[in-house]
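Okay, so here's the structure we're looking at.
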Amino acid sequence: MPPVPRLAAATALVVAASTLVATPAHAAVTRVRQGSTTDVSRSSWSGPAFTMNGSGAIIPATMTKAIDAIRGGTGSIDVVVLAGSAPTSGSKTPECDAITALSGVNSCTTLTLTATNDGNNSQVNTDIRNAEFVYFAGGDQCRYAAWKTTSLRASVQSVITKGGGSGGGSAGHHINSAIVYDACNGSVLSSEALANPYDGYISFTTGMFSWPNYANTINDSHFVTRDRMGRTMAFVARAIKDGLTTGGAAWGVGVEEGGSLFIDAAGRATLSGADAYIVLGDHQPEKAVSGQPLTFSNYKIWRLTSGQSYDFANRPTCGYYLRSVTGGVADANLYSGTPVTTCPPPGGGGGGSSYTEVEANNSRTTANSIAGLTYPAAVTGSMGSTSDRDYFATTLSSGQTITVDCAVPTAYDADLYLLDSGGSTLVRSVNNGAGIDESLSYTRTASGSATVYVELEAYSGSGSAAYTCTVAK
């Protein structure tokens, strides 16, 4: 009989243990809390961490990464979901239903706010400030943008300041970018935006949120399904032309339905699920005039597939393909292309070492040392049995960040851990399913250097098929 998936097991436990309380916090606010009725009390958190989803649903892989990053692998967090309207069918708390099924969650509170002034509601702001993650549901980003003038904005920012996180799907994805396409005048099509980048349907909100490493960005959702590359190109051109960005450049971040970017404290975004696109405009448009078609040459476009990363803190200058818009007509094949340059492996520098595990390396005391490798390093091995554990030891200095991205073959499900010198978990990645990749990132804040252990552990299945972990420092 196959093993019970972790998500299903967690769901059963949470449903059995959680409490569901609906209380009117304000005339126009509906409040539903699931899980513990008492907030977590803790002096420090390990974020920030963000999830940017192409559609409204929670993506367990990236939400789990955010939860683990914020709590540093130990304890639990409180989550708030903000919605501008209740679902018209099914569960009234779909996001919290999914979130409370994940490990490391103490509670999840759904707050449905139907008026702008609800952003000043005292219970709403108390719930947000006591939370460690705020998720903006899908819906109407114009309603969310109106909260800019309320206390809610500062409350959400306080969550990031204390080391928590934020995220959202669809409209919630839009509101988390530096420049928000707010759709307050209606939704614009790519054809309309390219024909007139100053179309009346195009309006922006700036100054809502400013997340670390995420400056000069414009998010877009449902990206491929609704053919939104063209309008993102127009948004980027407008942002540059109108001086909405610094440095004369703007980055569109388009995520397809079912895709989600997890962005860690170091600014590294890793994709789970469907594709995502980074669209860079790094010069003034050749023509962006009201009532006339757009001309903009050589957008630089990065296409990310599941497991791939983009570093927003150190934005790459390689790995992109080029596409242009001339007289309102975009080039063909906007969603795929051959990069004009290639990038070295994650971590930069290229020329990294390769290392193949040497058994038995099934404990910290028998760990393979990879401290002397040139980074980024490619470490390979296999889960030879259902109880196999592979340990690799390296050192980490104060202020240094280690990133581990493991490509797992379809023969088994493996979990990834980073342990300190005493064997305690610093951070982990435990995505559910055979062949699902795992990745983690950790920054050492203590003084001096210390030994850390990369551990890959068989969760289910086994075989001789090799995993490859790229380790960057």
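Does any residue of the range 75-95 turn out to be part of a helix (DSSP H, G or I) and either in the same structural domain as Thr149 (by TED's automatic domain parsing) or within 30 Å of Thr270 (Cα to Cα) (or both)?
Within the range 75-95, one or more residues are part of a helix (DSSP H, G or I) and either in the same structural domain as Thr149 (by TED's automatic domain parsing) or within 30 Å of Thr270 (Cα to Cα) (or both).
Can you find a residue in the range 404-413 that is over 20 Å from Gly435 (Cα atoms), surrounded by 15 or more Cβ atoms within 10 Å (Cβ to Cβ) and not polar (S, T, N, Q)?
No, that holds for no residue.
Residues are listed down the side, and each one gets a yes or a no for (1) assigned to a strand (DSSP E or B); (2) not charged (D, E, K, R):
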{"position": "Arg315", "(1), (2)": "no, no"}
{"position": "Ser324", "(1), (2)": "yes, yes"}
{"position": "Leu334", "(1), (2)": "no, yes"}
{"position": "Gly337", "(1), (2)": "no, yes"}
{"position": "Thr341", "(1), (2)": "no, yes"}
{"position": "Tyr355", "(1), (2)": "yes, yes"}
{"position": "Tyr375", "(1), (2)": "no, yes"}
{"position": "Tyr417", "(1), (2)": "yes, yes"}
{"position": "Gly422", "(1), (2)": "no, yes"}
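With the structure loaded, tell me whether Asp227 is under 25 Å from Gln284 (Cβ atoms), among the acidic types (Asp, Glu) and in the same structural domain as Pro48 (by TED's automatic domain parsing) or whether it fails that test.
So Asp227 fails the test.
Identify the residue in the range 387-415 that is outside any strand (DSSP E or B) and hydrophobic (A, V, I, L, M, F, W, C) and, among all such residues, is farthest from Leu271 (Cα to Cα).
The qualifying residue farthest from Leu271 (Cα to Cα) is Ala411.
Restricting to the range 183-221, count the residues that are within 16 Å of Val236 (Cβ to Cβ) and in a loop (DSSP other than H, G, I, E, B).
Within the range 183-221, residues that are within 16 Å of Val236 (Cβ to Cβ) and in a loop (DSSP other than H, G, I, E, B) number 11.
Working only within the range 39-56, note down all residues that are assigned to a loop (DSSP other than H, G, I, E, B) and either in contact (Cβ under 8 Å) with a residue 12 or more places away in the chain or under 21 Å from the mean Cα position of the chain (by Cα) (or both).
Correct list: Asp39, Val40, Arg42, Ser44, Trp45, Ser46, Gly47, Pro48, Gly54, Ser55, Gly56.
Would you confirm, using the coordinates I've provided, whether Arg129 is under 24 Å from Leu102 (Cβ atoms) and either of a type in the set (Lys, Arg) or assigned to a strand (DSSP E or B) (or both)?
So Arg129 passes the test.
Look through Tyr321, Tyr299, Tyr310, Tyr335 and report the one residue that is surrounded by fewer than 19 Cβ atoms within 10 Å (Cβ to Cβ), among the aromatic types (Phe, Trp, Tyr) and assigned by TED's automatic domain parsing to the domain that holds Lys241.
Just one listed residue meets the conditions, Tyr321.
How many residues does the range 456-472 hold that are within 23 Å of the chain's Cα centre (by Cα) and more than 16 Å from Ser354 (Cβ to Cβ)?
Of the residues in the range 456-472, 1 are within 23 Å of the chain's Cα centre (by Cα) and more than 16 Å from Ser354 (Cβ to Cβ).
Return the residues of the range 239-267 that are crowded, with 24+ Cβ neighbours inside 10 Å and of a type outside the set (Asp, Glu); say none if nothing qualifies.
Within the range 239-267, Ala239, Ala250, Trp251, Gly252, Val253, Gly254, Val255, Gly259, Ser260, Leu261, Phe262, Ile263 qualify.
So which residues in the range 252-273 are modelled with pLDDT under 95 and part of a loop (DSSP other than H, G, I, E, B), if there are any at all?
Answer for the range 252-273, where residues must be modelled with pLDDT under 95 and part of a loop (DSSP other than H, G, I, E, B): Asp264, Ala265, Ala266, Gly267.
The values are calculated or read from the model by the stated rules, or taken from the named source; none is laboratory data. Computed from a predicted model, the values in this text were never measured in an experiment. We place every Cβ from the backbone using ideal geometry, glycine too, and count neighbours over all the protein chains shown.
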